[in-house]
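Enquirer: After the structure tokens below, expect a handful of questions from me.
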Amino acid sequence: MQFPERFAAGLLRQGARACALAAIEALARQRPGLVEVGLPATFADPVEDTRVRILTLAESLDVDRPELIAHQMAWYKVALAHRGVAPEYLTENLLAIRRALEGQLPIECHAALHRHVDVALQRLATAPTEIPSWLEGDGPLRDAARRFLLAVLENRRRDALDLVLELRKAGASVADLHDHVLSTAQREIGRMWLMGEIPIADEHFASRIVESCIDRLSTTIEPAPPRHRTVLMFAVGGDMHSIGLRMVADRFEAHGYDVWNLGADMPASDLDWLLADRKVDLIAIGATLALHVGTARSTIALLRAAPAETHAPILVGGGPFAVVPDLWRIVGADAVANEPEQAVRCAEELLARGGGS
């Protein structure tokens, strides 16, 4: 048998829906009220919600880092607390998952299963249900971030865009506008949605405005002396997030790199073909959610298995890598960066060393 954690992860991925059905059926018998009430319309039905939780548990087991499933449970605790879901739903759901999986997994996998679920249960017990605003305090350009967000929430798209462009004209750097206005506003929008203060439509609208701002700001970047180095960037297959990638791409271009940004949801199967006749000096890979960790790992393995002449150092970033600091090593990358400027510094260090693994 493989390591029990990875073996269990594979079984969970294959049988996630069947296990979710078994867990919800058992929970409906034991606590019918919890299942009958269901979940908010903005969430999946209980079976699909449980399937996603099992898949996250699979990712947690696959890298043997229970912080991944624990982090997701803390996120759900906030979301459901502000949508009228019974406080015990998540705990009972996770216990039902454990019971269902005990009947599906070999006995050799039970210790790993219990360890990961126990960490998640402990986090649930202590995690807060309130998250402080990202706009509190007196950080750099904080007032500008507040005014930008207000314009977005009041459907004043042109005012939001003009505010950012006027700040740029007044001397604010693209990096500061990315980091302290656009990113801060995005985080606050995410917090507001999580706490049930705004609908998902507002989050989508804000993202479109942020993308427009990134587009306009990119035209104001003064070209740096060329480094004659090419960075290939993409988010792994299944990851539909691209705003962070676009900010990182602009930061690389501002430092004189040629950037080949493939955007979101890049299938790993095409990478060897793509790199066969195109030289890149660095590969930057994004994985936004815990559900994307396994895909990042398999994508990196595919890149490592390609002909040696296509190899380049690999940099990763995204939410899971902030939650688990050593995750980049586990998935086989050469470095990790969770902020745009850090990505450029890491790239320079990797290239100065002459490559990666």
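The values are calculated or read from the model by the stated rules, or taken from the named source; none is laboratory data. The shown structure was predicted, so the numbers you read here are calculated from the model rather than taken from an experiment. Note that each Cβ is placed from the backbone with ideal geometry, even for glycine, and that neighbours are counted across all protein chains shown. These accessible areas exclude ligands, DNA and RNA; they are computed on the full protein's heavy atoms, side chains included. Shrake-Rupley method; radii C 1.70, N 1.55, O 1.52, S 1.80 Å.
Enquirer: Listed residues Val37, Val63, Val78, Val52; which is of a type outside the set (S, T, N, Q), farther than 26 Å from Thr295 by Cα and at pLDDT 95 or above?
Expert: Being of a type outside the set (S, T, N, Q), farther than 26 Å from Thr295 by Cα and at pLDDT 95 or above holds for just one of Val37, Val63, Val78, Val52, which is Val78.
Enquirer: Suppose we filter Glu222, Glu166 for residues that are among the acidic types (Asp, Glu) and modelled with pLDDT under 95; which single one remains?
Expert: Glu222
Enquirer: Are any of the residues in the range 31-50 out of contact with any Asp or Glu (no Cβ under 8 Å at 6 or more places or on another chain), open to solvent by less than 40 Å² (accessible area, probe 1.4 Å), within 30 Å of Ala333 (Cβ to Cβ) and in contact (Cβ under 8 Å) with a residue 12 or more places away in the chain?
Expert: no
Enquirer: Of the residues that sit in the range 305-328 and are within 17 Å of the chain's Cα centre (by Cα) and loosely packed, with under 15 Cβ neighbours inside 10 Å, which one is farthest from Arg123 (Cα to Cα)?
Expert: Asp326
Enquirer: So, in the range 54-112, of the ones that are more than 17 Å from Leu39 (Cα to Cα) and among the acidic types (Asp, Glu), which residue ends up most open to solvent (accessible area, probe 1.4 Å)?
Expert: Within the range 54-112, the match that is most open to solvent (accessible area, probe 1.4 Å) is Glu108.
Enquirer: Regarding the range 163-178, can at least one residue be identified that is of a type in the set (D, E, K, R) and surrounded by 12 or more Cβ atoms within 10 Å (Cβ to Cβ)?
Expert: Yes, the range 163-178 contains at least one residue that is of a type in the set (D, E, K, R) and surrounded by 12 or more Cβ atoms within 10 Å (Cβ to Cβ).
Enquirer: Looking only at the range 11-29, filter to residues that are crowded, with 18+ Cβ neighbours inside 10 Å and over 26 Å from the mean Cα position of the chain (by Cα); which one of those is farthest from Gln104 (Cα to Cα)?
Expert: Residue satisfying both the conditions and the ranking: Leu27.
Enquirer: If you take just the helices (runs of 4 or more DSSP H) that sit entirely in the range 45-139, which of them hold at least 1 residues that are within 20 Å of the chain's Cα centre (by Cα)?
Expert: In the range 45-139, the matching helices (runs of 4 or more DSSP H) lie at 46-62, 67-81, 110-126.
Enquirer: Of (1) surrounded by 15 or more Cβ atoms within 10 Å (Cβ to Cβ); (2) out of contact with any Asp or Glu (no Cβ under 8 Å at 6 or more places or on another chain); (3) not basic (Lys, Arg), Ile214 satisfies all except one. Which?
Expert: So the condition that Ile214 fails would be (2).
Enquirer: Here is a further query. Restricting to strands (runs of 3 or more DSSP E) lying wholly in the range 223-298: which have 2 or more residues that are within 22 Å of Cys213 (Cβ to Cβ) and either in contact (Cβ under 8 Å) with a residue 40 or more places away in the chain or open to solvent by less than 10 Å² (accessible area, probe 1.4 Å) (or both)?
Expert: 230-235, 282-286
Enquirer: Filtering the range 181-208 down to residues that are crowded, with 16+ Cβ neighbours inside 10 Å and in contact (Cβ under 8 Å) with a residue 60 or more places away in the chain, which residue is farthest from Gly139 (Cα to Cα)?
Expert: Looking at the filtered set, the residue picked out is Gly196.
Enquirer: Specify the residue that is most open to solvent (accessible area, probe 1.4 Å); the eligible residues are those in the range 113-138 that are charged (D, E, K, R) and free of Cβ contacts under 8 Å to residues at least 60 places away in the same chain.
Expert: Checked the range 113-138; the qualifying residue most open to solvent (accessible area, probe 1.4 Å) is Asp138.
Enquirer: Okay, next question. Identify all residues within the range 325-343 that are outside any helix (DSSP H, G or I), at pLDDT 95 or above, under 30 Å from Leu177 (Cβ atoms) and in contact with a helix residue (DSSP H, G or I) (Cβ under 7 Å, 6 or more places away or on another chain); write none if there are none.
Expert: Once the filter is applied, which keeps residues that are outside any helix (DSSP H, G or I), at pLDDT 95 or above, under 30 Å from Leu177 (Cβ atoms) and in contact with a helix residue (DSSP H, G or I) (Cβ under 7 Å, 6 or more places away or on another chain), the range 325-343 yields Ala333, Asp334, Ala335, Val336, Ala337.
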